[in-house]
1. Can you tell me how many residues in the range 18-41 are at pLDDT below 75 and open to solvent by less than 40 Å² (accessible area, probe 1.4 Å)?
2. Within the range 42-83, how many residues turn out to be under 12 Å from TRP108 (Cα atoms), open to solvent by 60 Å² or more (accessible area, probe 1.4 Å) and in contact with a helix residue (DSSP H, G or I) (Cβ under 9 Å, 6 or more places away or on another chain)?
3. Go through the residues of the range 6-14 one by one and say whether even a single one is under 14 Å from the mean Cα position of the chain (by Cα) and either open to solvent by less than 80 Å² (accessible area, probe 1.4 Å) or at pLDDT 90 or above (or both).
4. I'm checking my understanding of the structure. Among residues of the range 86-109 that are of a type in the set (Phe, Trp, Tyr) and part of a loop (DSSP other than H, G, I, E, B), which one is nearest to the chain's Cα centre (by Cα)?
5. Contact list please: Cβ distance under 9 Å, first residue in the range 35-49 and under 16 Å from ASP102 (Cβ atoms), second residue exposed (fewer than 15 other Cβ atoms within 10 Å of the Cβ) and of a type in the set (Gly, Ala, Ser), pairs at least six apart or on different chains.
Amino acid sequence: MSSSKEMSVVKKAGIAGRIASVGHFVYRQFIGNHKDANEAYTRVYPTIKLTIQTYDRNSNESTNLLKILANLAPAGAIRRNFTKRYIDNSDGWSRLPKNPNDIPYGHWY
């Protein structure tokens, strides 16, 4: 195996580990309120961007991280709005703000 292929495998393995770690952290630590959801969002956001750049928007890794993010939004109409704008739309993820406080009214806490 060439050096560049080996590096690519190592890079992907590192990202996969990071995805698993972030997913586990979010589910174990943050369920419930605005402050916790914002903190979880700021932890998941960079991983989503990196994962989509590395694997593609339609990969299982990207899809699962986006689902985690959608589940942080409050249940009901707000979650549906968030999901419709940022998750279901194929390029919606690219409009996710870095700061959750910048998400428009009716889409987040």
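1. The total comes to 5.
2. If we filter the range 42-83 for residues that are under 12 Å from TRP108 (Cα atoms), which is where we start, we get 69-83.
With open to solvent by 60 Å² or more (accessible area, probe 1.4 Å) added as a condition, the list becomes 71, 75, 79-81.
Add one more test, that the residue is in contact with a helix residue (DSSP H, G or I) (Cβ under 9 Å, 6 or more places away or on another chain), and what stays is 71, 79.
Selection size over the range 42-83: 2.
3. Applying the first criterion (under 14 Å from the mean Cα position of the chain (by Cα)) to the range 6-14 yields none.
So far as the range 6-14 goes, no, none of its residues is under 14 Å from the mean Cα position of the chain (by Cα) and either open to solvent by less than 80 Å² (accessible area, probe 1.4 Å) or at pLDDT 90 or above (or both).
4. Ranking the candidates gives TRP108 first.
5. Close Cβ pairs satisfying both conditions: LYS49/SER94.
For every residue, the table says whether it meets (1) β-branched (Val, Ile, Thr); (2) part of a loop (DSSP other than H, G, I, E, B).
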| position | (1), (2) |
| --- | --- |
| TYR45 | no, no |
| ILE48 | yes, no |
| GLN53 | no, no |
| ARG57 | no, yes |
| GLU61 | no, no |
| LYS67 | no, no |
| PRO74 | no, yes |
| ILE78 | yes, no |
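The values are calculated or read from the model by the stated rules, or taken from the named source; none is laboratory data. Keep in mind that what you see is a predicted model, and the values were worked out from it rather than measured. FYI the Cβ positions are ideal-geometry reconstructions off the backbone, even for glycines, and counts take in every protein chain you see. Please note that ligands, DNA and RNA were not included when accessible areas were found on the heavy atoms of the full protein model with its side chains. Shrake-Rupley method; radii C 1.70, N 1.55, O 1.52, S 1.80 Å.
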